[in-house]
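Below you'll find the structure, written out as structure tokens, and then a few comments.
The values are calculated or read from the model by the stated rules, or taken from the named source; none is laboratory data. A quick note: this is a predicted structure, and the numbers were derived from the prediction, not measured. Backbone-built Cβ (ideal geometry, glycine too); neighbour counts: all protein chains shown. Only protein heavy atoms, including side chains, enter the accessible area calculation; ligands, DNA and RNA are left aside. Shrake-Rupley method; radii C 1.70, N 1.55, O 1.52, S 1.80 Å.
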Amino acid sequence: MDIDIVSVFPEYFDVLNLSLFGKAMERGLVTVRVHNLRDWTHDVHQSVDDTPVGGGAGMVMKPEVWAECLDELLDVPVDAPADADAAPSPGSPVLIFPNPSAPLFTQQCATELSHAEHLVFGCGRYEGYDARIPQYYRERGVDVREYSIGDYVLNGGEVAVSVMLEAITRLLPGFMGNADSIVEESYTGANALLEHSQYTKPATWRGMAVPPVLISGDHGKVDRFRRDEALGKTSRLRPDLIARLDCAALGKADRKTLMALGWEVSGAHPRRLG
Ligand code: ADE
């Protein structure tokens, strides 16, 4: 996978050399190029932002600088005509802007983007970037995505890009040591639940014992215990995820557990009783 990142703080991404991501780069699984947006400026101050049109606080990132940079990275000709119905061609780069006022970035987005060959991330700063930038590239057939990583505001897109990048690249075949750990995780698959609690040795620590069934050696019972724990935890902490489950895909034991937790499971999706 080819990755370009554009930021006014390129050093922020030095951390990518660490850990599993660093190893993936060494092995050639991912190629990352980090660019300083200021390299595309022409003025002595290398300015990338200006005051908001219509008034308001803060500064907004200028379209001209971003466009010179993105034309080059996305290989879009300067004179390319606008086409409101332009569809991205398969295999072409996906342009991603983190933005607190955009749809939420989910595991499903990460999975979809892990199949792309080339991702280009643009990190906004200050009050954001001129809204014509994503529109311009969409109208030139680029697959442009804007995502928020959560309902809170950060100082800029760098942290959000790191989060998305990690969620996407760890899904690449060969990135993780143990591919099974991805299958078992929270938010994975159509019937996503929070993951069950995990324990390691010793079996008793400071007077606290692990649930005895986990050391019973009965794999069937262990699986059922973990599944029930995942259902209970999700019902308590993220009932919105339970309400999205497909009842037709639930087994008899899952239904029984959900009913005991106060859910009705006879419709298309579970409904909380009472
Ligand atoms: N930039 C600032 N806050 C953000 C958020 N929550 N998600 C994505 N990008 C952001």
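Name the one entry in TYR136, TYR126 that is touching a residue at least 12 places away in the same chain (Cβ under 8 Å), among the aromatic types (Phe, Trp, Tyr) and within 16 Å of the ligand (Cβ to nearest atom). Spell out the reasoning first.
Details: TYR136 fails: within 16 Å of the ligand (Cβ to nearest atom).
Result: TYR126 is the single residue among TYR136, TYR126 that is touching a residue at least 12 places away in the same chain (Cβ under 8 Å), among the aromatic types (Phe, Trp, Tyr) and within 16 Å of the ligand (Cβ to nearest atom).
Could you list all residues from the stretch 148-162 that are without any contact (Cβ under 8 Å) to a residue 60 or more places away in the chain and either more than 8 Å from the ligand (Cβ to nearest atom) or buried (at least 19 other Cβ atoms within 10 Å of the Cβ) (or both)? Spell out the reasoning first.
Residues of the stretch 148-162 that are without any contact (Cβ under 8 Å) to a residue 60 or more places away in the chain, as a first pass: 148-155, 159.
Listed by number, the list holds a single entry, ILE149.
Kindly indicate whether any position in the stretch 38-50 is open to solvent by less than 70 Å² (accessible area, probe 1.4 Å), acidic (Asp, Glu) and touching a strand residue (DSSP E or B) at 6+ places or on another chain (Cβ under 9 Å).
yes
Got a sec? Which helices (runs of 4 or more DSSP H) wholly within the stretch 200-274 have at least 1 residues that are open to solvent by 80 Å² or more (accessible area, probe 1.4 Å)?
By residue number, 219-237, 252-260.
Looking only at the stretch 101-115, which residues are buried (at least 17 other Cβ atoms within 10 Å of the Cβ) and not in a loop (DSSP other than H, G, I, E, B)?
First pass over the stretch 101-115, keeping only residues buried (at least 17 other Cβ atoms within 10 Å of the Cβ): 105, 109-110, 113-114.
Correct list: CYS109, ALA110, LEU113.
Consider only pairs whose beta carbons are under 6 Å apart and that are at least six residues apart or on different chains; among these, list those whose first residue lies in the stretch 90-103 and is more than 15 Å from the ligand (Cβ to nearest atom) and whose second residue is open to solvent by less than 50 Å² (accessible area, probe 1.4 Å).
PRO93/LEU74; PRO93/HIS118; PRO93/VAL120; VAL94/ALA116; VAL94/LEU119; VAL94/ASP143
Quick one: THR188 ticks every box in (1) touching a Leu at 6+ places or on another chain (Cβ under 7 Å); (2) open to solvent by less than 60 Å² (accessible area, probe 1.4 Å) except a single one, so which number is it?
Tallying (1) touching a Leu at 6+ places or on another chain (Cβ under 7 Å); (2) open to solvent by less than 60 Å² (accessible area, probe 1.4 Å), THR188 fails exactly one: (1).
Going by what's in this entry, would GLU68 be described as open to solvent by 90 Å² or more (accessible area, probe 1.4 Å) and outside any loop (DSSP other than H, G, I, E, B)? If you could, list the steps in order and put the result at the bottom.
Working: open to solvent by 90 Å² or more (accessible area, probe 1.4 Å): no; outside any loop (DSSP other than H, G, I, E, B): yes.
When the stated conditions are applied, GLU68 does not pass them.
Within the stretch 6-37, can you find the residues that are surrounded by 15 or more Cβ atoms within 10 Å (Cβ to Cβ) and either of a type in the set (Ser, Thr, Tyr) or not assigned by the TED database to the domain that holds ALA167 (or both)?
SER7, TYR12 - these are the residues of the stretch 6-37 that are surrounded by 15 or more Cβ atoms within 10 Å (Cβ to Cβ) and either of a type in the set (Ser, Thr, Tyr) or not assigned by the TED database to the domain that holds ALA167 (or both).
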